[in-house]
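A.B. asks: Okay, handing you the structure first.
Just so you know, all these numbers are worked out from the coordinates, no wet-lab data involved. A quick note: this is a predicted structure, and the numbers were derived from the prediction, not measured. Reconstructed Cβ throughout: ideal geometry from the backbone, glycine too, with neighbour counts over all protein chains shown.
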Amino acid sequence: MRKIIILFIAFVCFLLPEMLLAQQFQLSSPDGRLQVKIHYDKTLSFSIVKNEQTIIPSATIAMKLANATIPGENDKINKTVTHTVNELVHPVVPVKNSTIQDNYNELILQFNDHFNIIFRAYNDAIAYRFQTDFPDSIIVQNEKFNIALPADAEAWPAFITGKDNVHDKWMNPYEHIYQKMQVRNINENKIAQLPLLIGLNQQGKLLITESDLYDYPGLYFEGTGSDKLQSVFPPRVKSNVQNIRGQGGWDRTLHPASVYDDIAKTKGTRSFPWRILAVADRDDQLLDNEIVYKLAEPNRIQNSAWIKPGLVAWDWWNDWNITGVDFHAGINTDTYKYYIDFASRNHLPYIIMDEGWYELGNLTQVKPVINMQELVQYAGKRNVGIILWCSWLTLDHQMEEALNLFRQWGIKGIKVDFMDRDDQAMVNFYWQCAASAAKHHLLVDFHGAHKPTGLNRTYPNVVNFEGVPGLEQDKWTDSLTTPTMAVTLPYIRMFAGPMDYTPGAMRNAQKKDFRPINDNPMSLGTRCQQLAMYVIFDAPLQMLSDNPTTYEKNKECLDFIAGVPTTWDQTIPLGGEVGEYVALARRKGTKYFVGAMTNWHARDITIDFSFLPAGTHPIIIFQDGVNADRNGTDFKKVEKTVTRNDKLTIHLAPGGGWAARIE
């Protein structure tokens, strides 16, 4: 017996140094429902508990530098600092709400070797970031964010599809379809972009994304064939393929030719991107979560009064296909005057002149068929601003020259296209473009873009991002912009920030009737689903994708669209399920708008109007017609009154929608 006791004491003494080395911390959300439990013992890991149930068993995090790993085996947490913040944020461009409550508890772990790790606990998210304080620049070889999920967890990944070579692997326009599957079925060859949505069995949803991405590559996850996911990043680019003038994509697409064996070379003293793990008990709580915006760097633009979001008459989707005019429609001055007149009559503040107005490769050389000064003056007299499309690569070569010229012309914004990457160098282009455009008082709409990471807070002149399989896909395929995708995007892609989906099709078809036609395109789903998108989709710069002639022939729908704001004072989720349906109310001043959409399954849902103020309110409703299941263009307009005590059961046709304006 004595021998056993002696052996036990010896065993404990052997373990005691390891036990003493281990450090543990806990941080709770302001409401106490969410906790992150942090454990440091040579490696740093954490778990997340919600309502006393563990929802994330373990996540291991680290940053590997060229000459060290942080935290390292011999590092120690010397000091902890805690903060509680409860303040109101007032966005320059209110995408969801004009007032955002920013309430969190913060824990800073200060290590003994030039770095900190910061954790924040919100009522609906846990976030963390690395900070370093090295005197010189550093090379980040890799960053570890490996997460173990509950058994049988589901995911909705969108996989990148680049070939496994240095030229193509990380070329990614973020225009991929979401696929529902078990996490364990994501194998090592599959790389998922963010945001990534995870189903936690009976514990709701988890959404992983990032914020304040600067001078660093975007975060992705790859599978392991188990319930674990591990982080992966685009490598730092050493050189790019030399484009040959006149050959496909020469003025816009830049493929890596060689890469370094690391992911970033950056300042030694800096904060790194926030890693976000947002939680939701119900799917519709994802619709009103603004954690990405709250974690982004605050506004850098001192005078932002010139930033004016709004609706846009767009040319490219409808292929300039106007009729009933006495001139040849196309990319020319007369056609754009027609678009300007249309915008002016319907109080649309902008038109976009998409690809074709300048000689490729030179933004200062306007094509002879366009009289830019005449168009700008013509538009100005009618209170319409012009936004110009440009290739990012050409803009990068001519940034100051082109933007200064645009300012002299009186241009109001730029639509920058075809970046299609989010390695460190390309991420930096976004920041350079946003800052330069702000200096020249130009709005920016990024296309061919990675997901938003809060840049629109830091530079609020950045008013939209594509990074979504939008309506343009209907010009050449029937497999991407489906009604199912339309009721998936609000819960995943839209969580990250605004999205330029470009709705507004007036030719609408059920599956059996749909055909991809480039110069006379249509949409999958019903007319009312297109109308509902103007209420549901976040887009401070929102397109009217169809052509003016067609809109004029559908005046009731045009009037509804033209009356929908693009920024909001309040967003009110009304129910939904990822990939099934979505219902949402919005408020702008004293007006309310409601939108609902379904996938290819017809369904009845109930709209609860308890969000309204007291009194009786007139409501104008656009609902799927009786025959919308046969003909997607069929709709019915209804005018009635509602009160906050009313509940209305509505019917949505396959691929259908419902939209309403309430005074």
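A.B. asks: 222 nm [θ] for the chain, helices only, -39500 (n - 2.57) per DSSP H run of 4+, per residue, to 500? Intermediate results must be reported in sequence, preceding the final value.
C.D. replies: Values: 13 runs with 115 residues, N = 663.
That comes out to -5000 deg cm²/dmol.
A.B. asks: Which is farthest toward the positive dipole end of the range 25-295 among 217, 56, 92, measuring Cα position about the Cα centre, with Cβ charges +1 (Lys, Arg) and -1 (Asp, Glu)?
C.D. replies: It is 217, whose Cα lies furthest towards the positive end.
A.B. asks: Under the Karplus relation 6.51 cos²θ - 1.76 cosθ + 1.60, θ = phi - 60°, what is the ordered set of whole-Hz ³J(HN,Hα) values for the range 272-286, x standing for Gly and Pro?
C.D. replies: In residue order, the calculated couplings are 9, x, 6, 9, 10, 10, 8, 10, 8, 6, 10, 4, 5, 5, 5 Hz.
A.B. asks: Hey, what do the phi angles of the range 611-620 turn into as Karplus ³J(HN,Hα) couplings, whole Hz, using 6.51/-1.76/1.60 and θ = phi - 60°, x for Gly and Pro?
C.D. replies: Along the range 611-620, the couplings run 6, 6, x, 4, x, 9, 10, x, 10, 10 Hz.
A.B. asks: Simple spin-label model, 7 Å along Cα-to-Cβ: residue 319 to residue 83 in nm?
C.D. replies: My value for the distance between the label points is 5.5 nm.
A.B. asks: Then there's this: If the cut-off is 27 Å between C-alpha atoms, which lysines fall inside it for residue 79, apart from same-chain ones fewer than 8 positions away?
C.D. replies: Here the lysines satisfying the reach criterion relative to residue 79 are 37, 42, 50, 64, 144, 267, 294.
A.B. asks: Let me ask you something else. Could you order the peptides 628-638, 71-81 from most to least packed, using the average number of other C-beta atoms within 10 Å per residue?
C.D. replies: On the way: 628-638: 18.6, 71-81: 13.6.
The peptides rank, most packed first, as 628-638, 71-81.
A.B. asks: Give, to the nearest whole percent, the P(r) tail of the range 310-438 beyond 23 angstrom, counting all Cα pairs.
C.D. replies: Working: 2675 of 8256 pairs.
Summing the P(r) of the range 310-438 above 23 Å gives 32 percent of all pairs.
A.B. asks: With the crude spin-label approximation of a point 7 Å out along Cα→Cβ, what separation in nm comes out for residue 185 versus residue 327?
C.D. replies: Those two pseudo-labels are separated by 5.5 nm.
A.B. asks: Which aspartates and glutamates, if any, have their Cα less than 19 Å from the Cα of residue 591, not counting same-chain residues under 8 positions apart?
C.D. replies: Counting by Cα, and skipping residues close in sequence, residue 591 has these aspartates and glutamates nearby: 288, 538, 556, 559, 569, 608, 639, 646, 663.
A.B. asks: Using only alpha carbon pairs under 8 Å that are at least six residues apart, calculate the relative contact order of the range 350-490 and give it in whole percent.
C.D. replies: Working: 191 pairs, mean separation 24.3, N = 141.
It comes to 17 percent, rounded to a whole number.
A.B. asks: If we sort 312-320, 222-230, 362-370 on the protection proxy, mean other Cβ atoms within 10 Å, highest first, what's the order? Provide the component values of the computation, followed by the final result.
C.D. replies: Numbers: 312-320: 24.0, 222-230: 17.8, 362-370: 14.6.
Highest mean packing first, the order is 312-320, 222-230, 362-370.
A.B. asks: May I pose another question? To the nearest 10 degrees, how steep is helix 424-439 against the longest Cα principal axis of the chain, on a 0 to 90 scale?
C.D. replies: Between the helix axis and the principal axis of the chain, the angle is about 50 degrees.
A.B. asks: Ok, one more. What lysines does residue 169 reach when the alpha-carbon gap must be under 17 Å and sequence neighbours fewer than 8 apart in one chain are set aside?
C.D. replies: 190, 238
A.B. asks: Is there a quick way to get the dipole size of the chain? I mean about its Cα centre, with the Cβ of Lys and Arg at +1 and of Asp and Glu at -1; what is the value in debye to the nearest 20?
C.D. replies: Working: 65 positive and 74 negative charges, 166 e Å.
Roughly 800 debye, rounded to the nearest 20.
A.B. asks: Additional query: In whole Hz, what ³J(HN,Hα) sequence does the range 79-85 give by Karplus (6.51, -1.76, 1.60; θ = phi - 60°), x for Gly and Pro?
C.D. replies: 7, 10, 10, 10, 9, 10, 10
A.B. asks: Here's another thing I want to ask about it. Thinking of the range 25-295 as a set of Cα atoms, what percent of all their pairs are more than 25 Å apart? Please report the intermediate quantities before stating the final value.
C.D. replies: Working: 18176 of 36585 pairs.
When every Cα pair of the range 25-295 is considered, 50 percent fall beyond 25 Å.
A.B. asks: Where in the range 373-416 does the label zone of residue 435 land, with the point 7 angstrom along Cα→C-beta and an amide N cut-off under 15 Å?
C.D. replies: 399-400
A.B. asks: Pairing the Cα long axis of helix 2-21 with the longest principal axis of the chain, what angle in degrees results, from 0 to 90 and rounded to the nearest 10?
C.D. replies: Between helix and principal axis, roughly 40 degrees.
A.B. asks: Now for a separate question. Return the Rg/Rh value of the range 452-519, two decimal places, where both radii are evaluated on C-alpha atoms and Rh is the Kirkwood radius.
C.D. replies: Numbers: Rg = 14.0 Å, Rh = 13.4 Å.
That ratio equals 1.04.
A.B. asks: Taking a point 7 angstrom from the Cα of residue 400 along the C-beta vector, which residues in the range 425-444 have backbone N less than 19 Å away?
C.D. replies: Those under the cut-off are 429-442.
A.B. asks: Can you classify the range 200-317 as rounded, prolate or oblate using the Cα gyration tensor, where a ≥ b ≥ c are the square roots of its eigenvalues, rounded means a/c under 1.5, and otherwise it's prolate if a/b beats b/c and oblate if not?
C.D. replies: On the way: a/c = 1.58, a/b = 1.18, b/c = 1.34.
Oblate, since a/c reaches 1.5 and b/c is not below a/b.
A.B. asks: Let me ask another. Compute the normalised compactness of the range 485-584: alpha-carbon radius of gyration over 2.2 N^0.38 Å, N being the residue count.
C.D. replies: Values: Rg = 13.8 Å, N = 100, 2.2 N^0.38 = 12.7 Å.
Dividing the Cα radius of gyration by 2.2 N^0.38 Å gives 1.09.
A.B. asks: Right, here's the next one. By average Cβ neighbour count within 10 Å, what is the ranking of 49-57, 560-568 from highest down? Can you show the working numbers first?
C.D. replies: Numbers: 49-57: 15.7, 560-568: 20.4.
Descending packing order for the listed peptides: 560-568, 49-57.
A.B. asks: Can you tell me the Rg and the Dmax, both Å, for the Cα atoms in the chain?
C.D. replies: In order Rg, Dmax, the Cα atoms of the chain give 26.1, 107 Å.
A.B. asks: Could I ask something else about it? So what is the relative contact order of the chain, in percent, for Cα pairs below 8 Å that sit 6 or more residues apart? Intermediate values should be presented prior to the final figure.
C.D. replies: Details: 1706 pairs, mean separation 77.4, N = 663.
Once normalised by length, the contact order is 12 percent.
A.B. asks: For the chain, find the longest principal axis of its Cα atoms and tell me its angle to the long axis of helix 399-409, 0 to 90°, nearest 10.
C.D. replies: Between the helix axis and the principal axis of the chain, the angle is about 30 degrees.
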